[in-house]
Amino acid sequence: MATEKKATRKETKIMKEIVKIGNAGGFWGDDLKALRRQLEGGPLDYISSDYLAEITMSILRKQQLKNPDLGYVTDFIEQIVDVADLLVKKKVTMIANAGGINPLACARRVIKELDGKTKLKIAVIEGDNMIDMMDDIYPSKADFKNMENNDKFELINTKIQSANAYLGILPIVKALESGANLIIAGRVTDTSITMAPLVYEFGWKFNDWDKLASALVAGHIIECGAQGTGGNFTDWHKVPRWDNFGYPIVEVSPDATFFVTKHKDTGGLVSVDSVKEQLVYEMGDPSYYISPDVIADFLSIQIEEAGENRVRVSGIKGSASTHFLKVSMAYEDGYKASSSIILSGPKAIDKARVYKDLFWKRLGLSFEKSNTEYVGYDSCHKNLAPDIEPNEVLLQFSVFDYDKSKVIEFSKSIAPLILSGPPGVAVTGGRPKIHSVMTYWPTLVKKELVPSIVHVLDEKGEITESHEISSVTGFEDEMNLQRSNKQVSKADPTGTIIVIGDEETERIKLRELCLARSGDKGDTANIGLIGRNKTIYLFLRQYLTADIVKSMFAEACEGRVIRYELDNLIALNFLLEKSLDGGGTKSLQIDAQGKTYAQALLNHKISVPKRIMDTLNNDN
């Protein structure tokens, strides 16, 4: 057993009874005004914004290849300059991963724009960017095989453009110890920017697994911004206000119990159901939610209403982190383009099908991948969409290929359709732009190979001190066998429905029985399904098998469906493998991240015993 370590805090620091952490953004492109609203809405100790997704890292790398001074979230500069005086006045520390793949340049741009008008002490976290150390690591110290499909790294080694490890809380805690009130990081985990302030403030040990797991869950709830306060909520009609939308806040005690809430007099909704939906978002095995710092057991989460727009979360269990960090890589992988026309009037879908056949026959080329979507008819829900007669259809064509000349030829072939087909067609844009594709490659690397560095900057952007921080805490352990109750669909599912017997039944849409939210990880989509009460959940646990969901998503899901049970949240989590056409930047689907899959499932009708329906108005 390693020597026990403890998160250090300045000796003069008094432990707070409650630490309040607010979120002001869940992705690059989120509401730029949310940061000011959070700061003006009430007291906070910390505020965080999460800007980075796998697809975002690819976009930032493309920008940096064109301009070496870029590679960070440019919108962040405008946001932070707008509120710098408030951060200082209210003594709020901000932590953000806006640095992308060039955090030092991001910090220096902030300093330049502030021009000495507001004194922020800025710390920068680097070390996640592994691109310059690849040759030293591969193949002698890491094989970099794809953790999703086990493909060998040698297939794409020469095409790699970016490689960023997911750092944990250690460098953020060190940055807090420096006294910084603005911490700009690169690729740290989404949850770590919530976890680190709690470790720092409460002096938690780095092997206090239950407390770290609780902090991770808190971070997971707020990391997606307004999605934790009623955004994307199945029962959206219960959200009382959509204006001045409130972003999430967690109020955490030293024992790691916490409350989820939002500022008073803001839009949105915080309820058990809205929080549950966010908990099941982008989840894999619920008993093994892995981070660099702890493995959290989502099967242990206890959640209850604690007042208006206030939910209490407790009881969370954790276990030792692993010896590895996840690395998000991106490599050059061909070209793609999309273009569309809009068709209207009677028999719009029939006309769209004529245009589809006409276009591909006239083009006369084959591609690595091509796709045609009838937007407004079945583009998102595919075979699960009901048969309707739309009065207009956006007909979208997309291609992917390694031969750029073929994609160029595609881009020239849309416009000629307009005057040589059925009537009611309109142009939706000019010649489509051709995009180079950066494809996602997830892998693992040993922690000791990726130290991080914390820089503290002066008012001129010069580094005044630097600290190298190991990614190893000394408490890592080998991952135990997974213990979730897992169900895997067969290779050729029949989708057989469970016989209910002679009971009186009613055929209804799943949305009357459930809440749901879907998300993505690479080429896998997850759908978290939550029963409206325990009786309904027990029925769905028996009825809605992995095979049945596989058969429902027959057109979208080319791989397996894996089902996990979360009795504590009365929820099921489905993983749909190979369901996003390659995922991220490579997908030709209009919904490349499976965000609409939950709604497709909820719109599906099933036969339900009347006795189950009768429980909808009570808590059974």
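Each reported figure results from applying straightforward, stated rules to the coordinates on display, with no laboratory input. Everything numeric here is computed off the predicted structure, so don't read it as measured data. Here the Cβ is made from the backbone with ideal geometry for all residues, glycine too, and neighbour counts use every protein chain on show.
If you place +1 on the Cβ of every Lys and Arg and -1 on the Cβ of every Asp and Glu, how big does the dipole about the Cα centre of the stretch 157-231 come out, in debye to the nearest 20?
Details: 5 positive and 6 negative charges, 57 e Å.
Computed charge dipole of the stretch 157-231: roughly 280 debye.
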Dipole of the chain [Lys/Arg +1, Asp/Glu -1 at C-beta], most positive-end residue of Val272, Thr535, Gln161: Gln161
Relative contact order [Cα under 8 Å, 6+ residues apart], the chain, whole percent: 14 percent
Which label in [x] -0.26, -0.60, -0.76; [y] -0.34, -0.77, -0.96; [z] -0.38, -0.80, -0.95 gives the computed log10 I(q)/I(0) by the Debye sum over Cα atoms at q = 0.06, 0.09, 0.10 Å⁻¹: [y]
Residue order, fewest to most beta carbons within 10 Å, for His237, His263, His467: His237, His467, His263
Helix runs (DSSP H) in the chain reaching 18 Å along axis by Cα, Kyte-Doolittle at least 0.0: 74-90, 209-222
Whole-angstrom gap from the stretch 217-239 to the stretch 294-325, using each part's C-alpha centre: 16 Å
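Report the far tail of the P(r) of the stretch 330-433, meaning the percent of Cα-Cα pairs longer than 23 Å.
28 percent
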For Glu506, distant residues with modelled amide H under 5 Å away: Val608, Lys610
Mean-position separation - Cα centroids, the stretch 14-33 and the stretch 527-588, in angstrom: 31 Å
Residues Glu304, Glu512 arranged by fewest to most Cβ contacts within 10 Å: Glu304, Glu512
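I need the Kirkwood Rh of the stretch 185-256: take the reciprocal of the average 1/r across all distinct C-alpha pairs and report it in angstrom. Each step should come with its number before you reach the end.
Details: mean 1/r = 0.0735 Å⁻¹.
Every distinct Cα pair counted, the radius reaches 13.6 Å.
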Dipole in debye (nearest 20) - the chain, about Cα centre, beta carbon charges: Lys, Arg +1; Asp, Glu -1: 860 debye
Unit charges at the beta carbon, dipole of the chain: most positive-side option, Thr372, Phe144, Gly307: Thr372
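Which whole-number value in Å³ per residue fits the convex hull of the alpha carbons of the stretch 414-469?
Details: hull volume 12.5 nm³, N = 56.
Hull volume over Cα atoms, normalised by residue count, gives 223 Å³.
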Under 17 Å from Lys90, Cα to Cα: lysines that are on another chain or at least 8 residues apart: Lys16, Lys20, Lys117, Lys119, Lys121
Over 24 Å (Cα to Cα) - which of Lys33/Lys264; Lys276/Lys490; Lys351/Lys509; Lys238/Lys534; Lys152/Lys578; Lys174/Lys460 fall in this group: Lys276/Lys490; Lys351/Lys509
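With N denoting the number of residues in the stretch 66-149, provide Rg(C-alpha) divided by 2.2 N^0.38 Å, to two decimal places.
1.44
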Relative contact order (%) - criterion: Cα under 8 Å, at least six apart; region: the stretch 330-433: 45 percent
Burial order of peptide ranges 342-348, 51-57, 331-337 (average beta-carbon count within 10 Å, highest first): 51-57, 331-337, 342-348
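Which of the trypsin sites (Lys or Arg not before Pro) found in the stretch 243-324 are in a DSSP loop and have at most 13 neighbouring Cβ atoms, other than their own, within 10 Å? Before the final figure, lay out the partial values.
On the way: sites: Lys262, Lys264, Lys276, Arg310, Arg312, Lys317; in loops: Lys262, Lys264, Arg310.
Qualifying residues, ordered by number: Lys264.
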Net charge over other residues, Cβ less than 11 angstrom from the Cβ of Thr322 (K, R count +1; D, E count -1): -1
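Sort Asp208, Asp31, Asp614 by Cβ crowding within 10 Å, fewest neighbours at the top. Can you show the working numbers first?
On the way: Asp208 20, Asp31 15, Asp614 11.
Least crowded to most crowded, the residues run Asp614, Asp31, Asp208.
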